[in-house]
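The values are calculated or read from the model by the stated rules, or taken from the named source; none is laboratory data. Fair warning: this is a prediction, and the values are worked out from it, not measured in the lab. Here the Cβ positions follow ideal geometry from the backbone for every residue, glycine too, while neighbour counts run over all protein chains shown.
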There are 2 protein chains.
Amino acid sequence: MNGAQSLIRSLADAGVDVCFANPGTSEMHLVAALDQVPEMRAVLCLFEGVVTGAADGYGRMAGRPAVTLLHLGPGLGNGLANLHNARRASTPLVNVVGDNATYHKRLDAPLESDIDSVAATVSGWLRRTAAVDDLAADAADAVAAALSPPGRIATLILPADMSWTDVSWSDLPAAGTGLSGSVDVVEPAPVAGEVVAQTAAVLRSGEPAALLIGGAATRGEGLRAASRIAAATGAKLLCETFPARLERGAGVPEVERLAYLAEAVAGQLAGVRHLVLAGAASPVSFFAYPGVAGDLVPEGCQVHILARGPEDLTRALTDLAERTAAGTAPQLAPPGRPSAPSGPLTAETMAYTVGALLPERAIVVDESNTSGPWLPGATAGAPPHDWLTLTGGAIGQGLPVATGAAVACPDRPVVCLESDGSAMYTISALWTQAHQGLDVTTVVLSNGSYAILNMELRRVGAGEPGPKARELLDLSRPGLDFVSISRGMGVPGERAVTAEEFGAALGRALAEPGPHLIEAVVPPLV
Amino acid sequence: MNGAQSLIRSLADAGVDVCFANPGTSEMHLVAALDQVPEMRAVLCLFEGVVTGAADGYGRMAGRPAVTLLHLGPGLGNGLANLHNARRASTPLVNVVGDNATYHKRLDAPLESDIDSVAATVSGWLRRTAAVDDLAADAADAVAAALSPPGRIATLILPADMSWTDVSWSDLPAAGTGLSGSVDVVEPAPVAGEVVAQTAAVLRSGEPAALLIGGAATRGEGLRAASRIAAATGAKLLCETFPARLERGAGVPEVERLAYLAEAVAGQLAGVRHLVLAGAASPVSFFAYPGVAGDLVPEGCQVHILARGPEDLTRALTDLAERTAAGTAPQLAPPGRPSAPSGPLTAETMAYTVGALLPERAIVVDESNTSGPWLPGATAGAPPHDWLTLTGGAIGQGLPVATGAAVACPDRPVVCLESDGSAMYTISALWTQAHQGLDVTTVVLSNGSYAILNMELRRVGAGEPGPKARELLDLSRPGLDFVSISRGMGVPGERAVTAEEFGAALGRALAEPGPHLIEAVVPPLV
């Protein structure tokens, strides 16, 4: 039994059974070892940004880590943007980066680079395997670290000789023999009773308050408790701007997302004297703008922290609900779909069409950017679904996250609402969807521009754009033909330019299993 | 005049006049500033790996840096693999990474990350602009650093407020007014006369010797001198395995490239007692293999260093030629093209077709991997051309480098020999080629697999691959239709499955201006 087999076996014993991979020569023993461990599913991605984004989507939906397989520093680099998003999502993720053999590193071969420094920027846990006999424990520790609340990226750097060297102690044992040692998952820290009591007092003070939820509080028991608290105390219920996974739809507690634009947040928080944070960070502007404050807490508003990431957020909210909302029910979204619109396809009619057709138990992956403003309203009363967003702002997240979510939940339809500009960063995710037969419907909102940057160019006060500036935000010369690109990767596609065409195409795509792409041609948001 | 204008103006004054860009909100003032500086050409890329690869290709051909424009840590991450390749190529490159405004960083907004640590892993010079008035000097220093021998990546991290704040000292001056201060380019250090004399003595010793050239010695005067030295002394002339830019073809000194596989290098260096390094590193195995030495210098062979990267390699070689090869001419490749083959399209007939048709002054960008072994022989007598290779082993380099080379040399045809697996990493380079109307002919060698990994899986001793391992190296389910993908990005494409079809398609593509793609369907190398 070699180190690679020990690692894959131990990961499987620790409950990790999906590997998103884009391997190279230094990971070949890991590739070979996958065949020794039947429980481990291997999913090939053609670019590392798809690997890491898929692992993010998987972790958000499965609640446990997938493992990545990346090839040295450049492979990690290619995966870094979506690891950044996963870090911001607090996704549990085990990131395995192959490296040159220990004794080969001093030779400074062409692929040699400083993996550790790059990995440290996104990892909550980082280890370089030092001895082959340690690999089983390294695997268990990595899984435990990934699962430590609220979820972390655990990176294991694996020199090639650690893969191919035999362990000293055993033949390959059967599954479940405890090879991996114990996975010591840290329980979330309890929130002190006084903190809950103080928060209850604040919410009952009669002064205008808002409860801002994030992390685990955007779903399940935590979300229900938060809704009850808001209903009973009159606090405004908000969730973070970019939740990792928000449960919503008919019969699910309704929550308003904090806006992206600072000026809109000012409206949402106007008059609020107490802002209670439950798993969410204090609101800040996504970017800085000249002469505009970045801290979005209104003047005279006090911030109170009920629970932070590593703390038991769900328990804190249920305790708080017990104190403040006994007998109060959560405020559930009523069922109700818009009727399917007709006429020109726009960001608005696109949204209502999605609202009209969104299937039961859908997973919506949302990187719709400027084409998205009507989506929350249009889908609020659709059947219950999960909404996954661009947590870290690094575009190119949608297609990979949709891919991983579909691997995690093969019985649920995935709808990926993707922008044209963002789609191009990680477009090869479509191939993996075809390869794996995943039930993902990708809607590319094609407006032929980096529309958000046209908006931001004005918002930052950079003046009226000249021809060069305009050209740098323009995707229309030549236009991107996503139907052709998609077919080239094995995913059937069609183009829609009216709301009716879009509705028909979306209906067909949702009715058929397997991946589909719809290029929805929409005008830019003015 | 704001900082962004000062930076772009100063870069232009320092001779940098091409900006490969994939900007975001924090770089909007830089985008706007491009319109204030007429000399600066802006080239939009749809993914940062294309930005950095294009800047690498540009720098290799122009001999001076282009500037990149990247959006915060995730943008740098996406560009990191091709920065790694550029670092290994010693390409002069000015890398500008936008960051959150200085006062915004403490708020830990979603895109906040540790840019400095990541940038340090690829940069020979790294600075974070500390004051807007420093930007002109920062620009000059960055260009000087990029040009310092043998060429470096100079990264400037630019907080957004440094872009939009006005400089204190001036309105926007005209070009060439010396705004940027002086660009103090370091001259290459002279190689001591004794070193040249000692090397001459070694080469004249009568013992078997080899001269291994790299860097600037793979072209021009240095290459001619190296060829003369080898001819006069009987030393074997070799160049590094992956030269950044190798001049070759009819009438150019002929040089054999050090092989990729260690066992082949052993043959090339068999019996060599003295290995003289001129701008090349001592040969090492690309990867480690179990039980195989990584240092490829044969036993009993002494290594002598004539010149290292920062030293005046060309001068050292011409001095050495004066001492050892007075009156000896370089060994030039005779003209001669293979006839265009017929029959099935294979890696071999593909190579001979390229050899038959390669146009005058072509720039060949070679990421052909396992489909490439016949190319050097087939093109040795073609008209003089430059050969650009995958210097750092991070795949996804070909299409972007071809894009940048075409921007640098608009009067020369660019032929990009690309593998199917590698093409998928940075495929959106095709869009930039169409957008800019670049004369690039991309040949995608499509064998439906990561063929090199099939080879390496066996070479590393990982045993006979099982079904999961085979699936991770297989690109055929579904097959990638590069003609469709290419058309979707505005580049006309056709598919060739016979040598005749390939020859006809290549002839058409080379005859027409603008970008073309040919999907050359070849069997995997056995």
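Residues in the stretch A:29-49 that are within 18 Å of B:P290 (Cα to Cα) and either more than 7 Å from chain B (Cβ to nearest Cβ) or touching a Gly at 6+ places or on another chain (Cβ under 6 Å) (or both): A:L30, A:A32, A:A33. Out of A:A54, A:A12, A:A42, one residue alone is in contact with a Lys or Arg (Cβ under 7 Å, 6 or more places away or on another chain) and either hydrophobic (A, V, I, L, M, F, W, C) or surrounded by fewer than 24 Cβ atoms within 10 Å (Cβ to Cβ) (or both). It is A:A42. If you go through the stretch A:2-27 and keep only what is within 12 Å of chain B (Cβ to nearest Cβ) and farther than 25 Å from A:L430 by Cα, you end up with A:N2, A:G3, A:A4, A:Q5, A:I8, A:S26. In this structure, is B:V364 away from chain A (no Cβ under 14 Å), touching a residue at least 60 places away in the same chain (Cβ under 8 Å), crowded, with 20+ Cβ neighbours inside 10 Å and closer than 24 Å to B:I452 by Cα? Spelling it out, it is not the case that B:V364 is away from chain A (no Cβ under 14 Å), touching a residue at least 60 places away in the same chain (Cβ under 8 Å), crowded, with 20+ Cβ neighbours inside 10 Å and closer than 24 Å to B:I452 by Cα. Within the stretch B:217-249, the only residue that satisfies the criterion of being over 17 Å from B:L306 (Cβ atoms) and in contact with a Cys (Cβ under 8 Å, 6 or more places away or on another chain) is B:L246. For the stretch B:168-181, does any single residue satisfy the condition of being more than 25 Å from B:H84 (Cα to Cα) and either modelled with pLDDT of 95 or more or of a type in the set (F, W, Y) (or both)? Scanning the stretch B:168-181 turns up at least one residue that is more than 25 Å from B:H84 (Cα to Cα) and either modelled with pLDDT of 95 or more or of a type in the set (F, W, Y) (or both). Among the candidates B:G279, B:G271, the residue that is touching a residue at least 40 places away in the same chain (Cβ under 8 Å), more than 9 Å from chain A (Cβ to nearest Cβ) and under 27 Å from the mean Cα position of the chain (by Cα) is uniquely B:G279.
The combined condition, being more than 23 Å from A:A505 (Cβ to Cβ) and outside the structural domain of A:F242 (by TED's automatic domain parsing), is not fulfilled by A:T426.
Remark: pairs (first residue in the stretch A:393-404, away from chain B (no Cβ under 14 Å) and crowded, with 24+ Cβ neighbours inside 10 Å; second residue assigned to a loop (DSSP other than H, G, I, E, B) and among the small types (G, A, S); Cβ separation under 8 Å; 6+ apart in sequence or on different chains) = A:G404/A:A66.
If the condition is being at pLDDT below 95 and not in a loop (DSSP other than H, G, I, E, B), then the stretch A:291-312 contributes only A:V292. Scanning the stretch A:440-452 for residues that are surrounded by fewer than 24 Cβ atoms within 10 Å (Cβ to Cβ) and either over 19 Å from A:F502 (Cβ atoms) or of a type in the set (D, E) (or both) returns A:S449, A:I452.
Restricted to the stretch B:102-118, and to residues that are surrounded by fewer than 24 Cβ atoms within 10 Å (Cβ to Cβ) and small (G, A, S), which residue is nearest to the chain's Cα centre (by Cα)? Checking each candidate, the answer is B:S117. Residue by residue through the stretch A:478-495, note down the ones that are facing chain B (nearest Cβ under 7 Å) and either under 27 Å from the mean Cα position of the chain (by Cα) or assigned to a loop (DSSP other than H, G, I, E, B) (or both). Listed by number, the residues that qualify are A:P478, A:L480, A:D481, A:F482, A:I485, A:R487, A:G488, A:M489, A:G490. Every listed requirement among (1) modelled with pLDDT of 95 or more; (2) crowded, with 24+ Cβ neighbours inside 10 Å; (3) in contact with a Gly (Cβ under 9 Å, 6 or more places away or on another chain) is met by B:S26 save one, (1). In the set (1) under 29 Å from B:R361 (Cβ atoms); (2) in contact with a Leu (Cβ under 8 Å, 6 or more places away or on another chain); (3) surrounded by fewer than 24 Cβ atoms within 10 Å (Cβ to Cβ), B:Y425 fails one condition alone, (3). Only residues that are in contact with a helix residue (DSSP H, G or I) (Cβ under 7 Å, 6 or more places away or on another chain) and assigned to a loop (DSSP other than H, G, I, E, B) were counted in the stretch B:352-364, giving 2. Within the stretch B:71-87, is even one residue aliphatic (A, V, I, L, M), closer than 21 Å to A:E471 by Cβ and touching a strand residue (DSSP E or B) at 6+ places or on another chain (Cβ under 9 Å)? No.
Note on the stretch B:85-119: residues that are of a type in the set (G, A, S) and touching an Asp or Glu at 6+ places or on another chain (Cβ under 8 Å) amount to 4. Based on this model, can you work out whether A:T370 counts as modelled with pLDDT under 95 and either within 14 Å of chain B (Cβ to nearest Cβ) or part of a strand (DSSP E or B) (or both)? Yes; evaluated as a whole, the condition is true for this residue. Taken as a whole, the structure leaves B:T349 outside the set of residues that are touching an Asp or Glu at 6+ places or on another chain (Cβ under 7 Å), in a helix (DSSP H, G or I) and either surrounded by 14 or more Cβ atoms within 10 Å (Cβ to Cβ) or without any contact (Cβ under 8 Å) to a residue 24 or more places away in the chain (or both).
Taking the criterion of being surrounded by fewer than 22 Cβ atoms within 10 Å (Cβ to Cβ) and touching a residue at least 24 places away in the same chain (Cβ under 8 Å), would at least one residue in the stretch A:463-472 satisfy it? Within the stretch A:463-472, none of the residues are surrounded by fewer than 22 Cβ atoms within 10 Å (Cβ to Cβ) and touching a residue at least 24 places away in the same chain (Cβ under 8 Å).
Across the stretch A:110-158, the qualifying residues are those that are in contact with a strand residue (DSSP E or B) (Cβ under 9 Å, 6 or more places away or on another chain) and of a type in the set (S, T, Y), and the one among them that is farthest from the other protein chains (Cβ to nearest Cβ) is A:S148.
In the set A:L475, A:L525, only one residue is more than 28 Å from B:L475 (Cα to Cα), within 14 Å of another protein chain (Cβ to nearest Cβ), touching a helix residue (DSSP H, G or I) at 6+ places or on another chain (Cβ under 9 Å) and not polar (S, T, N, Q); that residue is A:L475.
With respect to the conditions (1) under 20 Å from A:P110 (Cα atoms); (2) touching a Phe, Trp or Tyr at 6+ places or on another chain (Cβ under 9 Å), B:A66 lacks only one, and its number is (1). Take A:A451 and decide whether it is at pLDDT 95 or above and in the same structural domain as A:G493 (by TED's automatic domain parsing). When the stated conditions are applied, A:A451 does not pass them. In the stretch A:479-518, the qualifying residues are those that are within 17 Å of B:W431 (Cβ to Cβ) and among the β-branched types (V, I, T), and the one that is surrounded by the most Cβ atoms within 10 Å (Cβ to Cβ) is A:I485. Within the stretch B:229-240, the set of residues being buried (at least 23 other Cβ atoms within 10 Å of the Cβ) and either outside the structural domain of B:R204 (by TED's automatic domain parsing) or in a loop (DSSP other than H, G, I, E, B) (or both) comprises B:A235, B:E240.
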